[in-house]
Amino acid sequence: MSRTDDIPAARIAEWRARLRGHGIGDGDLDRLERTLREQVSRLVAAGLDPDEAFLIAVKRTAGLSVAAREFNQAHAGWLWRQLAARPVAGIGQLPLRGDLVLAAALALAAAAAVKAPALFGAQFDTASGGFYARNLGLLVLPLLAALLLGRHGVTPARSVTFGVLFAAGAVFANVFPFLPGGATESLTAIHLPIALWLVVGLAHAGNGWRTASGRMEFVRFSGEWLIYYVLFALGGGVLALLTAALFHAVGVGIDGFLEQWLLPCGAAGAVIVAGWLADGKNGVAGQLAPLLAQVFTPLFAALLVAFLAVMVWTGAGIAVDREVLIAFDLLLVLVVGMLLYAISARDQEAPRNVFDTLRLVLAVAALVADLAALAAVAARIGEFGFSANKVAALAVNLLLLAHLAGTAWLHVRLLAGTGSFAAVARWQTAYLPVYGVWAALVVVLFPPLFRYL
């Protein structure tokens, strides 16, 4: 019995559309589709699942026409992504399978982990010496890595490696005698989750981390994880407000329960559930993310261009103020993240288009803004001398400068027809470890260098 009905109709439609773009008429397309389905049916009967059978059958149709052979050569990357990113399950049809049970168990473990320090007196306040600020990532990200390792295959050697990496993070987050509320403690709280997220990336990509495509898949995973998490946060916030309103209506106050239990436990568990959804390619974020990238790329570009125009018009530089510089650097990091995700959402085989130009505008505008921030940081260092915060800000701006300069140059080459989008993507993914290494250096070296102040 044929099981080709298991193949999503959208995949067949995309396959036909791409073949039609190579000059194959509807009559030949019908013949190729019949052959494709027959091949899939035989392969499914031999024990393959429909997704794998579909990919093999598509490759086998290459011998039936010159255009089909050209299609397979031109769209090898697309074919691979159909296997690498095939959905685990559709939204609304989430089966109770092993990985779902694992995700649920780890989400409960994350909720418990985030409350466990309270048994020893730690609270979400400065009176606890910043324990939660330094350790929050350590309470949940190891469990997210465990989920990814469990889904992608784990060996004892890999388990030990990841255990050592997270244990090292725990040591450097807690061994130093930080001044409560000091700069080095704040820098550790900011940079440790960045370094740990790269460890999560190693768990996600596995051996594929050595390849540009493996790292780019992690970028896509990160963007989709963020979308799911924001959706959960919005939904959880509404749920908490409604819950509080309902109980207050009958004279029962539950604000303490919401603040101390529901919100922190829900936030921790959502990290795991969002990771499960993003890794499983369950459809919603995977379809929404490219659209968001296309919407926000021109908006961010317009924002930065308008900011630079106002700065030139008024002749004013960025205010030499600690809080302003921190906020501006966070904006630049957000812009670079948006640029990186917009690149990851682009089909590498698509021709040049207007969004390539918009990304170039965004990169150049961010580059100029980063130079203005560097000038402001240099002025602040000249006036007040070096400190942990100023050195960190200077280094971050230099890292962003190199990243943005390379991105802009490769986009210029792409638009001029002398470069490829693959080179743009390789540059983005090759630069990712730089941020992780820098974050790790801040955690390990800055506290003793600046006397834990």
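Give the peptides 134-145, 333-344 in descending order of average Cβ contacts within 10 Å, highest first.
134-145, 333-344
Which whole-number percent of Cα pairs in the range 134-243 have a distance greater than 24 Å?
Taking all Cα-Cα pairs of the range 134-243, the fraction more than 24 Å apart is 38 percent.
Starting from the Cα gyration tensor of the range 352-425, take the square roots of the eigenvalues, sort them a ≥ b ≥ c, and report rounded, prolate or oblate (rounded when a/c is under 1.5, otherwise prolate if a/b is larger than b/c, else oblate).
Judged from the Cα gyration tensor, the range 352-425 comes out prolate (a/c at least 1.5, a/b above b/c).
Over all alpha-carbon pairs in the range 306-453, figure out the percentage whose distance exceeds 28 Å. List each step's numbers first, then the result.
Values: 2968 of 10878 pairs.
So the pairs more than 28 Å apart make up 27 percent of the total in the range 306-453.
Just to compare against my own numbers: the Cα pair-distance distribution for the range 211-258, 10 Å bins, whole % per bin, please.
24, 28, 19, 16, 10, 3
How high is the FRET efficiency between Ala302 and Ala378 when r is their beta carbon distance and R₀ equals 22 Å, given to the nearest 0.05?
Details: r = 28 Å, r/R0 = 1.28.
It comes out at approximately 0.20.
Please work out the FRET efficiency for the pair Leu226 and Asp99, using the Cβ-Cβ distance as r and a Förster radius of 22 Å; give the result to the nearest 0.05.
0.60
Which whole-percent values make up P(r) of the range 392-453 when all C-alpha to C-alpha distances are grouped in 10 Å steps starting at zero?
So the P(r) values, bin by bin, are 20, 39, 23, 13, 5, 0.
Values in this text are rule-based calculations from the coordinates and carry no lab data. All values derive from a computational prediction rather than experimental measurement. Every residue, glycine among them, receives a Cβ derived from its backbone with ideal geometry; neighbour counts consider all protein chains shown.
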